[in-house]
1. How many Å³ per residue does the convex hull of the Cα positions in the chain occupy?
2. How would you rank 25-31, 396-402, 188-194, highest first, on the average number of other Cβ atoms within 10 Å across their residues?
3. Report, to the nearest whole %, how much of the accessible area of the chain belongs to carbon and sulfur atoms, 1.4 Å probe, protein only.
4. May I ask what percent, to the nearest 5, of DSSP beta bridges between residues of segment 4-224 are antiparallel?
5. Mind ranking 46-56, 252-262 by how tightly packed they are, going by the mean number of other C-beta atoms within 10 angstrom, highest first?
6. At a 10 angstrom cut-off on C-beta neighbours, averaged per residue, how do the peptides 197-207, 84-94 rank from highest to lowest?
7. Taking a point 7 angstrom from the Cα of GLU58 along the C-beta vector, which residues in segment 1-40 have backbone N less than 20 Å away?
8. Show me the three semi-axes of the equivalent ellipsoid for segment 1-135, from the C-alpha gyration tensor (sqrt of 5 times each eigenvalue), largest first, rounded to whole Å.
Amino acid sequence: MSTVSLKDVTKVWPDGTVAVDNLSLDVDDGEFLVMLGPSGCGKSTVLRMIAGLEDPSEGDILLNGDPVLELAPRDRSIAMVFQDFALYPHMTVGDNIGFPLKLSGVEQLPRGERVGDVASALGIGDVLKRKPSQLSGGQRQRVAMGRAIVRRPGLFLMDEPLSNLDSGLRAELRAEITGLTRELGVTTMYVTHDQAEALTMADRVAIMRKGVLQDVGTPTEVYGRPATLYVAAFLGSPRMNLLEASVFVHLERYIELNFGEQALYLPWNDIRSRAVSHYHGERIVVGLRAEALTPVAPDAPGDVLRGRIRYLEHHGHESLAYLDIGATAIVIDELGPAAPKDVEEPGPFRKLSGALQRRLSGRGGATAVQTREAESHNVLDPGRHSRRTAELAVRLAPYPAISPGHPLNIAVRMDALHFFDGRGARIDVGWR
Ligand SMILES: Nc1ncnc2c1ncn2[C@@H]1O[C@H](COP(=O)(O)OP(=O)(O)O)[C@@H](O)[C@H]1O
Ligand SMILES: [Mg+2]
């Protein structure tokens with residue numbers, strides 16, 4: 001059993017690439033922590049430094065409170081599973097799993113018992129005599145996991161272990177992996193670029209962007225109260241609607257959030273009103289997830305946005321309507337393959353707000369202190385490629401009998417709105 005502590009860890013490659021930027025993160029004993037971020041954000045580099053396969057350029061790494069940078073990889077009691085794991089093709093499944101034990105001199109009989117236990121825990125007890133070529137992809141992945149855990153490591157590092165499998169199998173193995181690691185009580189750091197995987201598997205999720213930790217918390221915390229615009233945009237499907245809004249304070253009455261052709265009104269007694277009111281006359285980003293939006297009758301009272309369907313997307317269990325509401329959307333770069341690539345050079349960073357600092361550093365003594373801010377530029381700057389016509393994603397029942405061009409009125413749950421400034425930091429209760 002292990003705790004992991006990363007202290008101000010930075011990794012700069014010889015070519016000057018900053019793969020990991022001043023990362024501080026604590027993982028509790030027995031915890032399942034998922035590191036989430038798009039390709040190239042530094043996830044594998046973090047795991048490889050913990051495993052001892054790379055040295056940090058700066059900072060310290062502690063396992064169970066002891067510095068380990070001087071220790072060789074084999075002395076760290078760590079097991080690692082990669083996306084591109086390799087099994088020994090000429091050995092049986094049983095011999096593949098037992099190989100690390102054989103190397104460390106465990107006798108044949110106890111070895112066979114340990115292999116049997118691990119194999120049945122992984123549901124591959126009946127294929128121990130087969131060769132890897134006679135297994136399905138999922139079974140091979142289980143063998144690789146078995147080989148990693150058979151030595152009972154204190155820490156389990158998994159680097160996108162499911163990304164080569166088809167989606168049905170991925171879903172099945174997700175539950176198996178978390179079930180197994182919890183049963184064994186092994187501290188696990190699991191890396192993925194798949195936000196659904198992170199939200200379903202993690203005790204806590206740490207979200208990375210360009211080597212910088214953005215947010216860390218339970219799935220409920222990071223999904224429900226994302227610390228930055230980037231985290232808000234990364235988590236959830238469909239992605240959060242991010243709309244540009246001008247703020248106008250109507251004293252003692254309400255705060256108008258003006259989207260261009262229409263507006264929403266935040267009641268004066270809403271606890272967030274004070275924080276948002278500081279932006280009077282300025283623009284902010286308002287985030288609305290699809291679950292905050294409900295289609296209503298044309299004459300419905302309350303907080304309503306009116307739009308026209310641009311296009312529909314059918315997902316079987318639901319359909320998504322994308323509405324033109326005459327608003328401007330904010331597009332966050334480098335969310336992954338689906339989003340456009342950022343061509344801007346990162347500019348100078350500014351300190352995070354006090355509230356965000358506290359939030360990132362204060363969660364039960366755990367985890368991240370993050371001194372960089374979310375965006376290196378202002379996403380609200382006119383003329384930037386991060387702004388485009390909004391298409392508000394709204395959930396409908398499957399295959400609705402309407403088509404593009406159809407008008408739709410949408411009730412908005414005002415308590416479910418998220419607010420961010422142009423730099424991507426959350427506007428929250430009581431700061432600025
Ligand atoms: N051995 C290396 N030499 C130079 N640059 C590297 C090396 N390994 C990774 N990088 C770079 O470091 C950054 C982070 O890579 P990596 O940790 O593999 O990201 P991820 O696992 O999140 O996809 C990327 O820009 C990548 O190109
Ligand atoms: Mg990687």
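1. Working: hull volume 68.8 nm³, N = 432.
Output value, Cα hull per residue: 159 Å³.
2. Working: 25-31: 19.3, 396-402: 12.4, 188-194: 24.1.
Highest mean packing first, the order is 188-194, 25-31, 396-402.
3. Details: 9640 of 19120 Å².
About 50 percent, which is the carbon plus sulfur part of the accessible surface.
4. Working: 18 of 36 bridges.
Taking every DSSP beta bridge within segment 4-224, about 50 percent pair in antiparallel fashion.
5. Numbers: 46-56: 19.6, 252-262: 15.8.
Result, highest mean Cβ count within 10 Å first: 46-56, 252-262.
6. Working: 197-207: 22.0, 84-94: 15.1.
Descending packing order for the listed peptides: 197-207, 84-94.
7. Flagged as within label range: 5-26.
8. Numbers: eigenvalues 222, 61, 40 Å².
Over the Cα atoms of segment 1-135, the ellipsoid semi-axes are 33, 17, 14 Å.
The values are calculated or read from the model by the stated rules, or taken from the named source; none is laboratory data. Bear in mind the structure is a predicted one, so any value in this text is a computation, not a measurement. A quick note on method: Cβ atoms are made from the backbone with ideal geometry, for glycine too, and the neighbour counts reach across all protein chains shown. These accessible areas exclude ligands, DNA and RNA; they are computed on the full protein's heavy atoms, side chains included. Shrake-Rupley method; radii C 1.70, N 1.55, O 1.52, S 1.80 Å.
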